[in-house]
1. What pairs come up if the first residue lies in region 190-211 and is in contact (Cβ under 8 Å) with a residue 24 or more places away in the chain and of a type in the set (Ser, Thr, Tyr), the second is within 16 Å of ligand 1 (Cβ to nearest atom) and open to solvent by less than 20 Å² (accessible area, probe 1.4 Å), and their beta carbons are under 7 Å apart, counting only those six or more places apart or on different chains?
2. Considering only residues that are over 22 Å from residue 228 (Cα atoms), in a loop (DSSP other than H, G, I, E, B) and more than 16 Å from ligand 1 (Cβ to nearest atom), which ones fall in region 420-467?
3. On the basis of being in contact (Cβ under 8 Å) with a residue 12 or more places away in the chain, under 19 Å from residue 111 (Cα atoms), out of contact with any Pro (no Cβ under 6 Å at 6 or more places or on another chain) and surrounded by 15 or more Cβ atoms within 10 Å (Cβ to Cβ), does residue 366 make the cut?
4. Inspect region 447-456 for any residue being within 16 Å of ligand 2 (Cβ to nearest atom) and of a type in the set (S, T, N, Q) and give the result as yes or no.
5. Please count how many residues of region 87-107 are within 13 Å of ligand 1 (Cβ to nearest atom) and without any contact (Cβ under 8 Å) to a residue 60 or more places away in the chain.
6. Looking only at region 319-344, count how many residues are open to solvent by less than 60 Å² (accessible area, probe 1.4 Å) and not β-branched (Val, Ile, Thr).
7. Just to be sure I understand, how many residues within region 233-253 are in contact (Cβ under 8 Å) with a residue 60 or more places away in the chain, within 16 Å of ligand 2 (Cβ to nearest atom) and open to solvent by 20 Å² or more (accessible area, probe 1.4 Å)?
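The values are calculated or read from the model by the stated rules, or taken from the named source; none is laboratory data. Note that this is a predicted model, so its numbers are computed, not measured. Positions of Cβ are backbone-derived with ideal geometry, glycine not excepted, and every protein chain shown enters the neighbour counts. The protein model used for the area step is the full one, side chains on, heavy atoms only, and it has no ligands, DNA or RNA in it. Shrake-Rupley method; radii C 1.70, N 1.55, O 1.52, S 1.80 Å.
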Amino acid sequence: MPALTRRTFLTGSAALGAYGLGLGGASLYATASAATPITLEAKTANALLDGQHLTKGVMTYGLESASADPMPPTLRVKRGEPFAAKLVNRLDEPTTIHWHGLRIDNRMDGVPFLTQPYVYTGDSFDYAFTPPDAGTYWYHPHCNTLTQMGRGMTGLFIVENPDDPVFDAEIDINLRDWRLGSDGQFIEQFKPRDAAKNGTFGTVRGANWQVQPAFDAPAGGLVRVRLAATDVTRIYILKLDGAEAKIVALDGQPLAAPLALDQVTIGPGQRLDLVIRMPESEDQTVSLSDIRPSTAKVVATFRATGASLKRDLGEVRPLPANPWTPPDLKNAETIPLILSATAENAAKESFCGSLGYSFWAINKVPWPGDTSDPMAPLAELKRGRSYILNLENPTPHLHPIHLHGMNFQVIASNARAVAPLISDTYLVLPDEKVQLALVADNPGDWVLHCHIIEHQKTGMTSYIRVT
Ligand code: C2O
Ligand code: CU
């Protein structure tokens with residue numbers, strides 16, 4: 001197990017680290033209204049993913065200022081500061097970028113046909129926006145998603161809050177697996193009978209494109225760990241051994257009161273911000289494991305280094321909240337959203353890939369695939385009004401449902417006690433009925449879909465329109 005420290009930042013230098021992109025030293029405090037764009041190249045590469053073989057046909061994003069690291073760069077910006085990226089497509093198929101969890105202009109949302117044209121091979125698209133919220137987010141294509149994301153195109157997008165407390169180190173983890181054969185090469189992306197159930201799982205577990213990476217962190221220090229579950233299928237139950245930790249944010253949104261970490265479930269699309277209190281003495285290790293479904297698998301380890309900084313987990317205070325307009329529940333209109341299986345409508349061919357099946361539907365209508373002539377929106381919302389999405393999951397499977405462009409607040413569930421969390425991705429349990437409230441404050445067509453990508457691509461996708 002190699003002791004890799006390259007993604008452990010000492011906090012003071014975090015913004016200037018190798019991944020402090022879009023904010024070179026000079027522009028760090030720039031007040032210009034437009035950012036200098038970074039160039040993100042969508043491209044193929046070879047990479048060591050299983051620790052033993054070079055996998056061919058990996059798909060990734062690279063910066064012009066190419067580092068040797070094949071993983072999509074972790075992009076870091078500051079809340080309220082403009083960000084711009086030119087996507088250059090060097091793949092031999094169309095692509096786009098969606099900025100998962102960011103409340104930005106609809107034209108920047110990355111959904112083919114609904115918000116922008118495909119970006120064809122050799123073409124480019126200019127994304128530019130100013131993130132209104134701080135937190136842990138991520139980016140990925142919204143075209144041929146099972147292939148492009150399954151083969152690597154998932155990267156972290158971190159919006160720093162200058163008002164956040166300073167921790168002794170920060171570690172960012174891109175949590176995802178790979179479907180590789182014993183020779184380290186990609187195998188069939190999915191099995192239809194699994195796509196109709198929980199999805200098809202990877203065969204090689206990964207974190208930051210390594211198998212069980214080991215991070216160094218200061219002994220006795222408070223370490224912020226930002227995790228994004230970017231796998232196309234896997235739902236994790238994460239547990240920490242060897243140290244205590246607090247959850248300070250979920251899905252990018254600070255918790256009003258940090259929660260002691262026991263175990264936490266996160267599905268595809270979701271994020272988790274932890275503060276770990278590292279052990280006292282040098283070389284003691286902490287391990288993060290996934291205990292779902294039964295046998296624990298170590299995801300990553302953290303090794304204490306140096307003399308103890310003697311911090312106390314009790315020092316951890318809530319992170320400052322992001323701006324949020326509370327929905328007006330008394331006058332909110334309810335929108336029913338029923339997630340179900342379907343046997344209707346074989347999927348149409350599409351430039352953005354079709355799995356050739358339709359297994360799932362929202363309100364009985366399976367998404368036909370990306371087309372210039374999409375179906376009608378699920379609902380038309382009036383800008384500024386409050387709504388309650390009444391989500392019902394009569395299936396025996398879990399579905400991480402993601403809404404683009406707007407956040408919602410979890411109001412009530414028949415299946416569990418819910419905290420009034422603000423989020424963009426809710427993991428709906430079998431037989432759960434949950435109410436998600438929002439103010440329709442961002443105009444445009446916003447996709448809503450299951451983030452188990454086989455479910456997304458075989459029908460469990462739709463959209464709402466805000467006018
Ligand atoms: Cu991360 Cu439409 O999704
Ligand atoms: Cu699903």
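1. Matching pairs, first to second residue: 200/233; 200/454.
2. Answer for region 420-467, where residues must be over 22 Å from residue 228 (Cα atoms), in a loop (DSSP other than H, G, I, E, B) and more than 16 Å from ligand 1 (Cβ to nearest atom): 430, 431, 432, 440, 441, 443, 467.
3. On the way: in contact (Cβ under 8 Å) with a residue 12 or more places away in the chain: yes; under 19 Å from residue 111 (Cα atoms): yes; out of contact with any Pro (no Cβ under 6 Å at 6 or more places or on another chain): yes; surrounded by 15 or more Cβ atoms within 10 Å (Cβ to Cβ): yes.
Taking the combined requirement at face value, the residue satisfies it.
4. Yes, region 447-456 contains a residue that is within 16 Å of ligand 2 (Cβ to nearest atom) and of a type in the set (S, T, N, Q).
5. 4
6. The qualifying residues number 8.
7. 0
For (1) of a type in the set (Phe, Trp, Tyr); (2) more than 30 Å from residue 121 (Cβ to Cβ); (3) in contact with a helix residue (DSSP H, G or I) (Cβ under 9 Å, 6 or more places away or on another chain), each residue gets a yes or a no:
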site	(1), (2), (3)
135	no, yes, no
139	yes, no, no
145	no, no, yes
149	no, no, yes
155	no, no, no
162	no, yes, no
165	no, yes, yes
173	no, yes, no
